[in-house]
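A.B. asks: Take this structure first; my questions come after.
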Amino acid sequence: MKSLLLIPFFYFISFNLTAQYEWMKTYSYNLDNSINSVDTTSDCGFFIAGGEQGQGAQGNYFVAKLDSNGNEIWHVIGTRFNGIYGDNGASCIINSGDGGCLVGGSLQTVNDFDLYFIRIDSTGNVLWEKTYGGMNDQYIGSIIKNGNNYLCTCISLSNPLQKYLLALDDQGDSLWSKDLNTGISLFSSSLIKIINGNIVSFGAIVDSVNNNLINLSYSEIDTSGNLQQIKVFVDTLSFYPETINQTDDGGFLFSSYNSTNRISKITKVNFEGVIQWERTFSNTKYCVSTILNDNNYSLSVGTFNNSINLIGFDSIGNIVGRDSIPIGYLQSVLFDNITDRNGDLIICGTMYDSNSCMGCPSVGIILKINSSSINTINELFLSNNPEFKVFPNPVNANISDLTIESSDLINGIIITDITGNIIFQSEKNIIINDFKFQLQIKNKLSVGIYFIIIVNKFGINNCKKIIVYN
């Protein structure tokens, strides 16, 4: 008989049908649009950067400044590189500290992709544009400020692939470039400055034993570009890095995504790089995580079901909130998020109405969400999950069996009341097979509303409402 893994998730239940967001803005300068990066401004507004592409034309970057309500103050659409050779776009943006911003992205030239940087002042005037090339395609992952200068993580598509750190001054001139020597690096998505003053780059590398496997990793570097340590997280699936934050205990919070299985993952590691907990969610499309001002964590998830999903966690991985924001497009893809000075979430990405975005129009999106709105679980998440069935429902309190079926292996079952109190946890002798359970609820559940939570082999937890009557 299989022993079940019991994980104590606690839920605070509410029945709001949608999250409370302050505003949502869409951008459609041309046929295909995406907002890839967001940062705050010194006057409580926001900088955004992304790409746009017209019918029959090549792609280009755009940058905009918004006020605190998401209204556009100015925007810049690239002209120097527009439509010359290929697909150009802005990947990241950072407040330069003087009212303006620095933007980093990629530029397709005759032979390859080069790095390009754009410096814009507070009124939207482009101060300078500069490119950095090489023998191979070059891509930027992230930019942070380092005093009056900037540090950027970049990837060169050489053989083998190379990850390096590039330092720029405020005029866009290169100060130095350091190879990070982290193995065969595929991505470097996020760069943060940590408590000790060093830099941590979150990325992915090819597994040294199995070349078909991609492992998440992070590298700690000093501000002179010297590599201090590397941590590699071996997994049986290949997850690609999205975001990294440092937690108040000196550890880190990661978000990552597996495109083959459509699984989003949030991972908490301690200051030594040891995984403390992970949570994964299926049928998703890219994800971003951040730390809220109450030291809880949030994961924002793109989906294939006309919504953006929000999940809140406490510091030990218990889900404390789950909600959904409906959108007018079938798919949502999230690329970046921040918290503003009020602790509210700012999320950006793209949306489109197709199972595949090849050739379909897309719209850039940015929205501001009240952080308190993710402290709920709503009925949208507690129903309509085809991978998890509970029957009969409603169920008579005098009927002895309640059947639970899942398309994934079931590792744990918990029943809570509407206040989040655990009423029942899975016991021995209830298993039919790894996908189907029968629970004897007679004399265990009184008349009322309850929630059944299952945990599958990936740690994905799903929840359904049941009604018990007499």
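The values are calculated or read from the model by the stated rules, or taken from the named source; none is laboratory data. Quick caveat, the model's predicted, so the values are computed rather than measured. As a convention, Cβ positions derive from the backbone with ideal geometry for all residues, glycine included, and neighbour counts pool all protein chains shown. Side chains are part of the model used for accessible areas, which takes the heavy atoms of the whole protein and leaves out ligands, DNA and RNA. Shrake-Rupley method; radii C 1.70, N 1.55, O 1.52, S 1.80 Å.
A.B. asks: Of all residues in the stretch 363-376, how many are modelled with pLDDT of 80 or more, open to solvent by 10 Å² or more (accessible area, probe 1.4 Å) and not in a loop (DSSP other than H, G, I, E, B)?
C.D. replies: Residues flagged as modelled with pLDDT of 80 or more, open to solvent by 10 Å² or more (accessible area, probe 1.4 Å) and not in a loop (DSSP other than H, G, I, E, B) within the stretch 363-376 amount to 2.
A.B. asks: If the requirement is being modelled with pLDDT under 75, touching a Leu at 6+ places or on another chain (Cβ under 9 Å) and not β-branched (Val, Ile, Thr), which of these qualifies: SER188, SER142?
C.D. replies: Residue meeting the stated conditions: SER188.
A.B. asks: If you take the residues in the stretch 455-470 that are modelled with pLDDT under 75 and assigned to a strand (DSSP E or B), which one is surrounded by the fewest Cβ atoms within 10 Å (Cβ to Cβ)?
C.D. replies: The qualifying residue surrounded by the fewest Cβ atoms within 10 Å (Cβ to Cβ) is ASN462.
A.B. asks: Across the stretch 146-167, what is the total count of residues that are of a type in the set (Phe, Trp, Tyr) and either in contact with a His (Cβ under 9 Å, 6 or more places away or on another chain) or open to solvent by 20 Å² or more (accessible area, probe 1.4 Å) (or both)?
C.D. replies: Total satisfying the criteria: 1.
A.B. asks: Right, something else. Taking GLY99 as the residue in question, decide whether it is part of a loop (DSSP other than H, G, I, E, B) and farther than 15 Å from TYR61 by Cα.
C.D. replies: The answer is yes for GLY99.
A.B. asks: Follow-up question, since we're still on this one. Conditions first: (1) open to solvent by less than 10 Å² (accessible area, probe 1.4 Å); (2) within 27 Å of GLY302 (Cα to Cα). VAL206 passes all but one, so which condition is the exception?
C.D. replies: VAL206 satisfies all of (1) open to solvent by less than 10 Å² (accessible area, probe 1.4 Å); (2) within 27 Å of GLY302 (Cα to Cα) except (1).
A.B. asks: Looking at the stretch 206-249, which of its residues are of a type in the set (D, E, K, R) and within 27 Å of ASP314 (Cβ to Cβ)?
C.D. replies: Correct list: GLU220, LYS231, ASP235, GLU242, ASP248, ASP249.
A.B. asks: Taking into account only those residues within the stretch 254-263 that are of a type in the set (S, T, N, Q) and more than 15 Å from PHE202 (Cβ to Cβ), which is surrounded by the most Cβ atoms within 10 Å (Cβ to Cβ)?
C.D. replies: Among those residues, the one meeting the criterion is ASN258.
A.B. asks: Under 8 Å between Cβ atoms, which residue pairs at least 6 apart in sequence (or on different chains) link something in the stretch 129-143 that is within 13 Å of LYS163 (Cα to Cα) and open to solvent by less than 50 Å² (accessible area, probe 1.4 Å) with a partner that is aromatic (Phe, Trp, Tyr) and at pLDDT 85 or above?
C.D. replies: Partner pairs satisfying both residue conditions: GLN138/TYR132.
Okay, residues lined up against (1) within 18 Å of the chain's Cα centre (by Cα); (2) open to solvent by 30 Å² or more (accessible area, probe 1.4 Å):
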position: SER177; (1), (2): no, yes
position: LEU180; (1), (2): no, no
position: ILE221; (1), (2): no, no
position: GLN228; (1), (2): no, yes
position: THR243; (1), (2): yes, no
position: PHE252; (1), (2): yes, no
position: LYS265; (1), (2): yes, no
position: GLY273; (1), (2): no, no
position: TRP277; (1), (2): yes, no
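A.B. asks: Applying the selection to the stretch 281-323, what residues are within 23 Å of ASN421 (Cα to Cα), of a type outside the set (Phe, Trp, Tyr), more than 12 Å from the chain's Cα centre (by Cα) and open to solvent by less than 10 Å² (accessible area, probe 1.4 Å)?
C.D. replies: GLY312, GLY317, ILE319, GLY321, ASP323
A.B. asks: Here is a further query. Out of (1) open to solvent by 10 Å² or more (accessible area, probe 1.4 Å); (2) at pLDDT 95 or above, what's the single condition that is false for CYS101?
C.D. replies: Against the list (1) open to solvent by 10 Å² or more (accessible area, probe 1.4 Å); (2) at pLDDT 95 or above, CYS101 comes up short only on (1).
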